[in-house]
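Trainee: Pasting a structure here, questions to come.
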Amino acid sequence: MYIIKTIFGIKILKNLKNEKYMPLKIIQHMQELLKKSEKFCDKDENIFVLGVLEAVENIDIDLVKLLLSDAKAKEQFFTKVEDIYVLNQNRLIEFFTMNEFSKNSYTSYTNKIGLIKKDNFIKKFDDVVLAWPHKDCILEGGQSKDDDKKNEVFYNEILSRDEIDRLFEPKALTNFKKFSAPTKVAAPSGSEALASLLAVEQSTPTEITANDNLIIKGNNLIALHTLKKKYAGKVKLIYIDPPYYFNDKRDSDTFLYNSNFKLSTWLTFMKNRLEVAREFLSEDGVIFVHIGEDSQAYTEILMNEIFPNNRLGIVSRVQKKGSDLGEFFSPTLDYILCYSKNKNNLQGFKIPIDESKFTKIEIEGKRKGEKYEDSKSLYQSSLDDIRPAQKYFIDCPDGTKVIPPCFVLDEVQREGEKRWRWSKEKYLKDKHLLVFKKTKNSPLLDENGNQAKWNVYTKRYLNDAIKKGNIPSNLFDNFINSSATSTLSGMNINFSFSKPKELIEHIINIVQVKENDTIMDFFGGSGTTAHAVLDINKEQNKNLKFILIEQMDYIEDITCERVKKVIEKNQEGSFIYAELKQIETFKDAEIGKLNKNMHYLPFVEIEDAEYGISEEEITINKKFYGIENE
């Protein structure tokens, strides 16, 4: 006997007593359903696939009635709007054009990568998307060891709906540990006692709150779906540095994962994770995807599809000063693609103001006592385009006048003549902001056409500069990888190809995160994102939070160890470590066949006595999922 249990909006087929869980095979199920109608099969019960497709296209009443009569078909191919079921023609057509009905291909996309509209690879249409084999599949991506370059597992989104639902249903968490800054007490004498005092404290948490930092071990796709209920719509910034795709096979990668994916496999891997990542972003949330040159163009088209009309830009980052690789160019750049959940809710990016430049103090007027700087000249030699009312005389302190270089000493700008940055109207309004400096090298002319004794500059007040901010460049040239190597070396952590902590700090700063915002990184690697968040909290007195996911087995020795060392250094901060609960042998053998490499326990089965989950773990899981009273 079976019951359907709904949790977090997901229907879970759950067995009662000793009955086995048997995933319904949607193809066989639909074949049996169609055989009930003579209209869609012959006397030997062979399905008229073309006839079915024609019926779908024409919204045939007999077909619609047949589908609505079956709960499974209704769930798969209809969308409920209030009390009305609306047929999803596209999904139905996609299902019946699967090559399981026409010779056993596991994907409805042809074995070619390119831009398509409907079924044709074309260039002339505007509304095009990237297509590739297995685009309509879920790629598990289950590697957990550096040398485990496993064959990747695909599940088709329609044909394997039961398996995917099982894969994505929330999982139980286990092995909870909390690491916190040492308790602040008076320092005892003696270096050994002091070292002991400074050590990070470990405890067992009784719950995970909204204020906790998290590091989760487990398959990142499954972990994202596990965390989605609690954190969907609550993440301000996602930064990821995923495994790169290389045109040529490489022995190394920026990430100790499957660096030699085929392109179609890599695109499926990325699509699955980016789609669910979007659900985590707040309405003003942004995502930065760090990627290599070989996959940059493909990734941009993919992200245009997942984040339509929300592209913010692409940053070129200098990763090293020189290289002996390359045939035609020496590769020194990689790329960071930036997209938003909804850019209409975003303010522009800004970079912090360098306050050290504001060394002067206003001595009079309404702004007396304010800091300012006056390094920018009102005249710029590059300004030779003709603008109305931007060529005029300015009165100097000694009674002389100055004007930009010109052929005729009047206020009519001609081709080839220079101009001021300000219009005359703005000059008359804001001339109290001008600063006159005597110089022997002035580029200006006086009223007689001779070289002037003055140059003219404009004041910029610190408070105004902070309010306005500076827009960041799309070239990051101060964050090379060698600085990350030095950081990790100083922490006695051995990890290759980490990104610089300062790069993540810069991204966090330009996004202008607010107090209590959350930053996520689901390719956690060596823990650079967590390091950056903790240091910003320390330096800027913020309370930012991080969520890291890492599936590789080095997570405790490298990722967590680095974060613990940062907490120890800063003498503040904490995080909770937890793992997706793995079960070696499921009570129901058929469930275990879903994925031989990743046996994660669904949360809905956490109280099954055969799995021996402790009451403490059951309680913290229930609190995490917000159902502690059930």
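Trainee: Keeping all protein chains in position, work out how much accessible area R419 exposes to a 1.4 Å probe, and write it in Å² to the nearest 10.
Mentor: Using a 1.4 Å probe on the heavy atoms, I get roughly 10 Å².
Trainee: Counting heavy atoms of the protein chains only and a 1.4 Å probe, report the per residue accessible area for segment 308-421 as a whole number of Å².
Mentor: It amounts to 60 Å² per residue over segment 308-421.
Trainee: I need the phi-derived Karplus couplings for segment 227-234: 6.51 cos²θ - 1.76 cosθ + 1.60, θ = phi - 60°, integer Hz, Gly and Pro marked x.
Mentor: Taking θ as phi minus 60°, the curve returns 7, 4, 4, 7, 10, 4, x, 10 Hz for segment 227-234.
Trainee: Could you give each residue of segment 41-47 its phi-based ³J(HN,Hα) in whole Hz, using Karplus coefficients 6.51, -1.76, 1.60 with θ = phi - 60°, and x for Gly or Pro?
Mentor: Karplus values, whole Hz, x for Gly and Pro: 8, 8, 5, 8, 6, 8, 6.
Trainee: Charges only on Cβ, +1 for Lys and Arg, -1 for Asp and Glu: so what's the dipole of segment 260-332 about the Cα centre, in debye to the nearest 20?
Mentor: Around 160 debye, computed over segment 260-332.
Trainee: Give me the distance between the Cα centres of segment 310-342 and segment 514-549, rounded to whole Å.
Mentor: Computed from Cα coordinates, the inter-centre distance equals 23 Å.
Trainee: List every residue whose amide H lies under 5 Å from the amide H of I547, counting only residues 5 or more places away in sequence or on a different chain, with H placed 1.01 Å from N in the peptide plane.
Mentor: Those qualifying (amide H under 5 Å, at least 5 residues apart or on another chain) are L214, I519, M520, D521.
Trainee: Whose amide H sits under 5 Å from the amide H of D60, counting only residues 5 or more places off or on another chain, with H placed in the peptide plane?
Mentor: Result for D60 returns nothing.
Trainee: Determine, for each peptide in 165-171, 497-503, the mean count of other beta carbons within 10 angstrom over its residues, then list the peptides with the highest first.
Mentor: My ranking of the peptides, most packed first, is 497-503, 165-171.
Trainee: By its C-alpha gyration tensor, with a ≥ b ≥ c as the square roots of the eigenvalues, how is segment 336-394 shaped: rounded for a/c under 1.5, else prolate for a/b larger than b/c, else oblate?
Mentor: Oblate is the answer for segment 336-394, as a/c is 1.5 or above yet b/c matches or exceeds a/b.
Trainee: Ok, one more. Just check segment 291-411 against the gyration tensor rule for me: Cα atoms, a ≥ b ≥ c as the square roots of the eigenvalues, rounded for a/c under 1.5, and otherwise prolate or oblate depending on whether a/b exceeds b/c.
Mentor: Note, shape of segment 291-411 comes out prolate.
Trainee: Something else now. To the nearest 20 debye, what is the magnitude of the charge dipole of segment 357-481 about its Cα centre, counting +1 on the Cβ of each Lys and Arg and -1 on the Cβ of each Asp and Glu?
Mentor: 480
Trainee: Can you run phi through the Karplus equation (6.51, -1.76, 1.60; θ = phi - 60°) for segment 493-504 and list ³J(HN,Hα) in whole Hz, with x for Gly and Pro?
Mentor: 10, 9, 8, 8, 6, 6, 7, x, 4, 5, 5, 5
Trainee: State the percentage of accessible surface on segment 296-335 attributable to carbon and sulfur atoms; use a 1.4 Å probe and exclude ligands, DNA and RNA.
Mentor: Heavy-atom surface of segment 296-335 belonging to carbon and sulfur, 1.4 Å probe: 53 percent.
Trainee: Here's a follow-up. Beyond 19 Å between alpha-carbons counts as too far, so tell me which of K350/K371; K343/K467; K234/K545; K376/K459; K74/K135; K80/K343 fall in that bin.
Mentor: As for pairs spanning more than 19 Å Cα to Cα, those are K350/K371; K343/K467; K74/K135; K80/K343.
Trainee: Let me ask something additional. Just want to confirm a number: the relative contact order over segment 478-582, from Cα pairs under 8 angstrom separated by 6+ residues, in percent.
Mentor: It rounds to 25 percent for segment 478-582.
Trainee: So, one more: Treat every Asp and Glu Cβ in segment 444-490 as -1 and every Lys and Arg Cβ as +1, leave all other atoms uncharged, and give the resulting dipole magnitude about the Cα centre to the nearest 20 debye.
Mentor: 220
Trainee: Taking the solvent-accessible surface of protein heavy atoms with a 1.4 Å probe, what is the per residue accessible area of segment 477-542 in Å²?
Mentor: 38
Trainee: Show me the ranking of peptides 213-219, 346-352 by mean Cβ neighbours inside 10 Å, starting with the highest.
Mentor: 213-219, 346-352
Trainee: Quick check: at a probe of 1.4 Å, how many percent of the accessible area of segment 368-481 sits on carbon and sulfur atoms?
Mentor: So the carbon and sulfur contribution to the accessible surface is 49 percent.
Trainee: Here is a further query. Name the residue farthest towards the positive end of the dipole of segment 366-440 from the options I394, V435, W420, assuming +1 on Cβ of Lys and Arg, -1 on Cβ of Asp and Glu, about the Cα centre.
Mentor: V435
Trainee: If E616, E505 are ordered by their accessible area, calculated over protein heavy atoms with a 1.4 Å probe, which sequence runs from highest to lowest?
Mentor: Largest accessible area first, the list is E616, E505.
Trainee: Determine, for each peptide in 292-298, 515-521, the mean count of other beta carbons within 10 angstrom over its residues, then list the peptides with the highest first.
Mentor: Ranked from most to least packed, the peptides come out as 515-521, 292-298.
The values are calculated or read from the model by the stated rules, or taken from the named source; none is laboratory data. Please read all numbers here as calculations on a predicted model, not as lab measurements. Reconstructed Cβ throughout: ideal geometry from the backbone, glycine too, with neighbour counts over all protein chains shown. Surface accessibility is based on the protein's heavy atoms, side chains included, excluding ligands, DNA and RNA. Shrake-Rupley method; radii C 1.70, N 1.55, O 1.52, S 1.80 Å.
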